[in-house]
Amino acid sequence: MAESITLARPYAKATFEVALAANELSAWSQALKLLASVAKSEQVSRFLLSPSLTAQQQADTLIQICGDELSPKAHKLVHLLAENKRLVLVGEISELFEALKANQEQTVDVELSTAFELNQEVVNKITQALKTRLNREINLQTRVDQYLIGGAVIRAGDTVIDSSVRGKLTKLAEAMNS
């Protein structure tokens, strides 16, 4: 896994720089997400790993599957990845691109899991508190997780804030066992 991220990073950075210079971050983001979702399918993945096909055939087929949703610049990226036998990295490239994009836009995706549905006023207060704490714009997604018993778990990138009853009980059990 770490190796594929290492191999994907230069492509993601280069793609990000091209997108940023052309003010096309959203378009590239959509294109990379599309390529990643198509390449992730089992049939396409097997096809991309087939040694009997040329890089040109692999690239052309992937472009054809995606249809008219890819720009000519995205076509060039697909061909470059195919020539370097890196088409299988398109998922990692997309993830790294999204991280670079979020950093550029000073945004962060946050998942808020609670034991029960929250009203909009509470969601707004949590969003504002996170915006202040993380110093970024917040894209908050909420979901109900009945296994939490009570409280909430907040995931923002690598940061996890677990103030759930279940999490506190787990910490208590660990403390008692050690």
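A few comments on the model shown:
- Residue among 47, 97 that alone is over 30 Å from residue 136 (Cα atoms) and either aromatic (Phe, Trp, Tyr) or in the same structural domain as residue 157 (by TED's automatic domain parsing) (or both): 47
- Residue among 132, 54, 61 that is in the same structural domain as residue 38 (by TED's automatic domain parsing), among the β-branched types (Val, Ile, Thr), modelled with pLDDT of 85 or more and surrounded by fewer than 16 Cβ atoms within 10 Å (Cβ to Cβ): 54
- Counted as qualifying within region 6-91 are the helices (runs of 4 or more DSSP H) with 2 or more residues that are hydroxyl-bearing (Ser, Thr, Tyr), namely 25-40.
- None of 27, 36, 12, 31 is modelled with pLDDT of 90 or more, in contact with a Phe, Trp or Tyr (Cβ under 7 Å, 6 or more places away or on another chain) and surrounded by 14 or more Cβ atoms within 10 Å (Cβ to Cβ) except 12.
- Within region 148-162, the set of residues being surrounded by fewer than 16 Cβ atoms within 10 Å (Cβ to Cβ) and modelled with pLDDT of 85 or more comprises 150, 151, 155, 160, 161.
The values are calculated or read from the model by the stated rules, or taken from the named source; none is laboratory data. Quantities reported herein were computed from a predicted structural model and do not represent experimental measurements. Glycine also receives a Cβ, built like all others from the backbone with ideal geometry; neighbour counts cover every protein chain displayed.
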